[in-house]
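A.B. asks: Below you will find the structure I want to go over with you.
The values are calculated or read from the model by the stated rules, or taken from the named source; none is laboratory data. What you are looking at is a predicted structure, and each value in this text was computed from that prediction instead of being measured. Cβ sites come from the backbone with ideal geometry, for glycine too, and all protein chains shown count toward neighbours. Side chains are part of the model used for accessible areas, which takes the heavy atoms of the whole protein and leaves out ligands, DNA and RNA. Shrake-Rupley method; radii C 1.70, N 1.55, O 1.52, S 1.80 Å.
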Amino acid sequence: MEKETKKSIDIKELQEAFKIFSEASSSLTASYEALKTEVERLKDELKEKNRQIKEYGELVDTILMNSSSGILTVSNTYEILLKNKIADNTIKNFGKDFLNNLYSFTESGIYEFNIKENYFKLSVSKFNMNNIFGLIYIFDDITTLKITEIEKSRNEKLTLMGEMAANIAHQIRNPLGSIELFTSILQRDISADTEKTKLTGAILKGVKTINNTISNILLFTKDVKVNKQKCYISDIIDDVVLYLMHLMKDKNIIFQNKINEEDTAYCDVELIKQCIMNLIHNAIDAVDENGKIVVTSFCNEKHSVIEITDNGKGIPEEFLNRLFIPFQTTKAKGTGLGLSIVYKIIKAHGGNIIPESKQREYTSFKIILPNK
Ligand SMILES: Nc1ncnc2c1ncn2[C@@H]1O[C@H](COP(=O)(O)OP(=O)(O)O)[C@@H](O)[C@H]1O
Ligand SMILES: [Mg+2]
């Protein structure tokens, strides 16, 4: 009896244990499933994180490599750890000079330095990554900015000088008018004496040159106001040639007027006369005795072109891009104002002027004026 009872208890216990086991097993299965799902989710999350890190890395790389600033990172022993495209090109262009300049800055801060005519702005920062110490150099080429700054301060000085010059010019003009008038009267009176009329002729020539210089100074200091009208190009040229004839004769210059009689321009006649006068005057100065000056024209619905070519000494290539800057002269008695005024006038017309030259061969200035 006792034995039987024991047996039934054993079975019961076993059944109980089995039940517990089976419950535990299904709970384990459930937990395992949950764990599996969690692992899958974490795996996906990791994948996404990795993708983001990769993308972020690529973004940082792209920014570094394409930054318009030069970026260079060096270790404390000046071993280059990283450099972007700009830094690479700058080092190639300026070589050791550039690196020596950079490495002379070892403290964090903002600096400026120059290599000959090239100016750089530099930011230096220190870094420490996994016990690697070093410096980060970020730099920009600020040459154009510097030139603009220098030009601005020069322009301010020029404006002041201009005001002064305009005052003086006005004061010279009045007595000059009288000198011209009296000399003309005198010249008429002594017309029989060719030796003396040569002298009065020289005075009149000098007066014209001074007058032209004064017109240039006044134009330089004032804002150019353009009063456009349709006109014949040949009329402008004829007037200027009349004025400069004596100078051309003195040098025995061959002047070829190849202007088409029917070509017109839409411009301020007096201002364009002043331009042509300056250009032909320069051509006269540039050619030797028996030199040649040719003036041609072209016109269509859109624009008119006047070109003045001489076979004089020409303009050095490095001077060509500075031609229109005021006070650039190679002449002992030049003002260096002529071409800057020509430029100002042509730009005020919405036009353009293109110089071309080969030393010891020729120089040409092509004026292009819009026809509206
Ligand atoms: N046709 C030319 N041939 C050679 N050089 C020229 C010519 N035109 C201008 N130049 C150069 O450009 C300089 C500036 O000319 P410009 O502004 O008219 O001033 P300036 O005649 O007073 O020197 C001249 O000094 C000269 O060196
Ligand atoms: Mg001149």
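A.B. asks: Write down the percent of antiparallel bridges among all DSSP beta bridges whose residues are both part of the chain, to the nearest 5. Don't skip to the end; give the middle numbers.
C.D. replies: Working: 52 of 57 bridges.
The answer is about 90 percent antiparallel.
A.B. asks: Another one. Ignoring ligands, DNA and RNA, what percent of the 1.4 Å accessible area of segment 69-141 is carbon and sulfur?
C.D. replies: 50 percent
A.B. asks: Using only the Cα atoms of segment 42-136, construct the convex hull and provide its projected area averaged over every direction, in square nanometres to one decimal. Can you show the working numbers first?
C.D. replies: Details: hull surface 30.1 nm².
Approximately 7.5 nm², given one-decimal rounding.
A.B. asks: Helix check for the chain. Which DSSP H runs span at least 18 Å along their own axis by Cα, with a mean Kyte-Doolittle hydropathy no less than -0.5?
C.D. replies: Values: long enough: 2-66 (92 Å, -0.81); 143-189 (63 Å, -0.29); 194-221 (40 Å, 0.24); 233-250 (26 Å, 0.77); 269-286 (25 Å, 0.73).
Helices passing the filter in the chain: 143-189, 194-221, 233-250, 269-286.
A.B. asks: What is the projected area of the convex hull of the Cα atoms of segment 223-372, averaged over all directions, in nm²? Don't skip to the end; give the middle numbers.
C.D. replies: On the way: hull surface 33.7 nm².
Mean orientational projected area (segment 223-372, Cα hull): 8.4 nm².
A.B. asks: Based on the alpha-carbon gyration tensor of segment 145-222 and its eigenvalue square roots a ≥ b ≥ c, which shape applies: rounded if a/c is under 1.5, prolate if not and a/b is larger than b/c, or oblate? Walk me through the intermediate numbers first.
C.D. replies: Numbers: a/c = 6.25, a/b = 3.23, b/c = 1.94.
Prolate, since a/c reaches 1.5 and a/b exceeds b/c.
A.B. asks: Right, here's the next one. Per DSSP helix of 4 or more residues, -39500 (n - 2.57); summed, then divided by the residues of the chain. What does that give at 222 nm, rounded to the nearest 500?
C.D. replies: Details: 9 runs with 209 residues, N = 372.
Using -39500 (n - 2.57) per qualifying helix, the result is -19500 deg cm²/dmol.
A.B. asks: Still on this structure: Place +1 on the Cβ of every Lys and Arg and -1 on the Cβ of every Asp and Glu in segment 82-162, take the dipole about the Cα centre, and give the residue among 142, 94, 120 whose Cα lies farthest towards its positive end.
C.D. replies: Checked the options; the winner is 94.
A.B. asks: While we're on this one: Give the range of the longest stretch in the chain that excludes all GluC sites (Glu not before Pro) found in loop regions by DSSP and having at most 13 other beta-carbon atoms within 10 Å. Each step should come with its number before you reach the end.
C.D. replies: Numbers: sites that count: 79, 107, 117, 261, 262, 289, 301, 361.
The answer is 118-260.
A.B. asks: While we're looking at this one, here's another question. If packing is taken as the average count of other Cβ atoms within 10 Å, what order do 362-371, 226-235 fall into, highest mean first?
C.D. replies: Highest mean packing first, the order is 362-371, 226-235.
A.B. asks: Under a point spin-label approximation (7 Å from Cα along Cα-to-Cβ), what is the residue 256-residue 123 distance to one decimal in nm?
C.D. replies: Placing both labels 7 Å along Cα→Cβ, they lie 6.1 nm apart.
A.B. asks: Per residue and in Å³, how big is the convex hull formed by the alpha-carbon atoms of the chain? Each step should come with its number before you reach the end.
C.D. replies: Details: hull volume 103.0 nm³, N = 372.
Spread over its residues, the Cα hull of the chain gives 277 Å³ apiece.
A.B. asks: Share of Cα-Cα pairs in segment 308-372 beyond 13 Å, in percent? Working shown, then result.
C.D. replies: On the way: 1378 of 2080 pairs.
For segment 308-372, the fraction of Cα-Cα distances above 13 Å is 66 percent.
A.B. asks: Quick one: Karplus J couplings for segment 110-127, per residue in order, coefficients 6.51, -1.76, 1.60, θ = phi - 60°, nearest Hz, x for Gly and Pro?
C.D. replies: So the Karplus estimates, Gly and Pro as x, are 10, 9, 10, 8, 9, 10, 6, 8, 9, 10, 10, 9, 10, 10, 10, 9, 9, 9 Hz.
A.B. asks: Another question about this same structure. Equivalent-ellipsoid semi-axes (√(5λ), Cα gyration tensor) for segment 22-66, whole Å, largest first? All intermediate terms of the calculation are to be shown ahead of the outcome.
C.D. replies: Values: eigenvalues 358, 3, 3 Å².
They are 42, 4, 4 Å, listed from largest to smallest.
A.B. asks: Taking the solvent-accessible surface of protein heavy atoms with a 1.4 Å probe, what is the per residue accessible area of the chain in Å²? Don't skip to the end; give the middle numbers.
C.D. replies: On the way: 24420 Å² over 372 residues.
That works out to 66 Å² for each residue.
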